[in-house]
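Just below is one structure, and these are the notes that go with it.
The values are calculated or read from the model by the stated rules, or taken from the named source; none is laboratory data. What you are looking at is a predicted structure, and each value in this text was computed from that prediction instead of being measured. Counting neighbours? That spans all protein chains shown, and the Cβs are built from the backbone with ideal geometry, glycine included.
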Amino acid sequence: MFDNLSDKLQRVFKNLRGEGKLSAENMEAALREIRVALLEADVHFRVVKQFIEAVREKAMGQDVLTALSPTQQVIKIVRDELVNMLGAHQAKLRTANEPPSVYLIVGLQGSGKTTSAAKLARYLSKNGHSPILVSVDVYRPAARKQLSVLAKDLKLPVYEGTPEETKPVELARSARKEAVQTGRDILLVDTAGRLHIDDDLMTELSQLKDLLNPTEILFVADAMTGQDAVKSADEFHKRLGITGSILTKMDGDARGGAALSIRSVTGQPLKFVGVGEKSDALELFHPDRVAQRILGMGDVLSLIEKVEETIDHKQAEEMQRKLIEDDFTLGDFRDQMKQIRKLGPLESILGMMPQIGPMKDLKNVKVDEKEINRLVAIVDSMTPKERANHMMISGQRRKRIAKGSGTSVQEVNNLLKQYAQMRKMMKSLTGGGGFLGKRMAKMMGSGSPFGGLPFGR
Ligand SMILES: Nc1nc2c(ncn2[C@@H]2O[C@H](COP(=O)(O)OP(=O)(O)OP(=O)(O)O)[C@@H](O)[C@H]2O)c(=O)[nH]1
Ligand SMILES: [Mg+2]
């Protein structure tokens, strides 16, 4: 998402480093380039202006220019300013003193309100809350149904309303009553969107605000709409007073400008980002981590958290034991690939790696997730005996396996080769530490073909 910006900033720093001594002149040139990079990433011009001024002021200070490693200092200044611009701290959701806390979800049509409401409910229930949902979108016929379906999938309660309740405020009032009666501590209110901000929409939202006295008014913005998202966030804030934003579709190829501007323009923090259509594709927004990522320093913390969350520790330990005892079969190879696949889109994982040293080239690695599925299919087509001992797989059997998995003999051969390579490499990597944490980093850094995984350039 921040690829272009990230590339450009890193080039600026590289050039600065190449200059040897840092001077007011080459610092000015660097600032100009940073400015262009930010504008090209679609960051709001006012935010860019503020940013550049803040960096200039700090970077032109005497001690920076004469410091031992001036470029390092400049990078640190840019990093700190990025964090500042993004909101300094991870902004938590607030809760009311007396439950239920009401979160009003607002935004333009199609921005992702309903999806985000469901994602938030899931997130909250996983974090010790008991949310209930209600849709007050009485205009689009399928809107309320959409939320009900999502909630049912998540096994979370939703207030469906009665046939008599045709107005948003009526639905909201009853939903809150229901929340109190059923002991739910958070009520998520999904509202209707409009193509453009209009008075009707704002009046309706104001009425809901007056009625519910929400703890959070979360503005949902579609990152793909770039500056339009920022502009409407600003307008919603002026008319309604939002308390934070959720930026959706960050998994798309948006240039990231909205993410970088929305906090500065509204003065309200970006709390979550949506990174996919599924209910679990919601992430807390960490300004410092995102800044690190933009500067190519990687987001190792998020990566570790993700691995921790996803990896089955028992299985990882078992895997480790097998590796040490040289007992790592094709079946294990398959299971490991499945685990890695569970981590989510591999590109997003690689994006969290620091872009330094041997890892720098990782950015250009193309990950073919279909390829992983094919490999899994090949191993699935083997007999348990074959999975335990790959040496017994004859040419004839390779043909059958290829047929059974809808692949070619060549692909089967390749997989067996990769597996053999992986075993060899694993043998040289045995030792203490978490399996997919340290190991994965080592595997990647070693310049090996990703432990036989289907990563190509
Ligand atoms: N890729 C991706 N798609 C998303 C994300 N969030 C929402 N979507 C998709 O965007 C589309 C619109 O989402 P909705 O949640 O229905 O949007 P809405 O704001 O409720 O729309 P209205 O109720 O019509 O105003 C759906 O197809 C969602 O699956 C996201 O983070 N990533
Ligand atoms: Mg909706």
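Key figures
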{"quantity": "Some residue of the range 127-134 being part of a loop (DSSP other than H, G, I, E, B), in the same structural domain as residue 282 (by TED's automatic domain parsing) and crowded, with 16+ Cβ neighbours inside 10 Å", "calculated": "yes"}
{"quantity": "Top-ranked residue in the range 139-181 [being more than 14 Å from ligand 1 (Cβ to nearest atom) and of a type in the set (S, T, N, Q); ranked as surrounded by the most Cβ atoms within 10 Å (Cβ to Cβ)]", "calculated": "174"}
{"quantity": "Helices (runs of 4 or more DSSP H) contained entirely in the range 328-403, each with at least 2 residues that are modelled with pLDDT of 85 or more and among the basic types (Lys, Arg)", "calculated": "384-388"}
{"quantity": "Members of the range 243-258 found to be away from ligand 1 (no atom under 12 Å from the Cβ) and buried (at least 24 other Cβ atoms within 10 Å of the Cβ), listed by number", "calculated": "245, 256, 257, 258"}
{"quantity": "Tabulated pairs, the range 242-254, first within 16 Å of ligand 2 (Cβ to nearest atom), second part of a loop (DSSP other than H, G, I, E, B) and not hydroxyl-bearing (Ser, Thr, Tyr), C-beta under 6 angstrom, 6+ apart or interchain", "calculated": "248/112"}
{"quantity": "Residues located in the range 381-398, provided they are of a type in the set (S, T, N, Q) and over 41 Å from the mean Cα position of the chain (by Cα)", "calculated": "394, 396"}
{"quantity": "Residue 87 over 19 Å from residue 186 (Cβ atoms) and away from ligand 1 (no atom under 16 Å from the Cβ)", "calculated": "yes"}
{"quantity": "Residue list for the range 1-35, filter: more than 17 Å from residue 75 (Cα to Cα) and among the aliphatic types (A, V, I, L, M)", "calculated": "1"}
{"quantity": "Only listed residue being buried (at least 16 other Cβ atoms within 10 Å of the Cβ), closer than 30 Å to residue 227 by Cβ and more than 16 Å from ligand 1 (Cβ to nearest atom), chosen from 82, 120, 104", "calculated": "82"}
{"quantity": "2 or more residues among the hydroxyl-bearing types (Ser, Thr, Tyr) and within 30 Å of the chain's Cα centre (by Cα): qualifying strands (runs of 3 or more DSSP E) within the range 140-250", "calculated": "244-248"}
{"quantity": "Breaking point among (1) farther than 19 Å from residue 91 by Cβ; (2) modelled with pLDDT of 85 or more; (3) more than 16 Å from ligand 2 (Cβ to nearest atom), for residue 286", "calculated": "(1)"}
{"quantity": "Conditions (1) away from ligand 2 (no atom under 16 Å from the Cβ); (2) out of contact with any Lys or Arg (no Cβ under 7 Å at 6 or more places or on another chain); (3) hydrophobic (A, V, I, L, M, F, W, C); number of the one not met by residue 172", "calculated": "(1)"}
{"quantity": "Residue list for the range 94-124, filter: away from ligand 2 (no atom under 16 Å from the Cβ), part of a strand (DSSP E or B) and under 18 Å from residue 151 (Cα atoms)", "calculated": "102"}
{"quantity": "Residue 137 being at pLDDT 95 or above, among the charged types (D, E, K, R) and either part of a loop (DSSP other than H, G, I, E, B) or within 19 Å of residue 214 (Cβ to Cβ) (or both)", "calculated": "yes"}
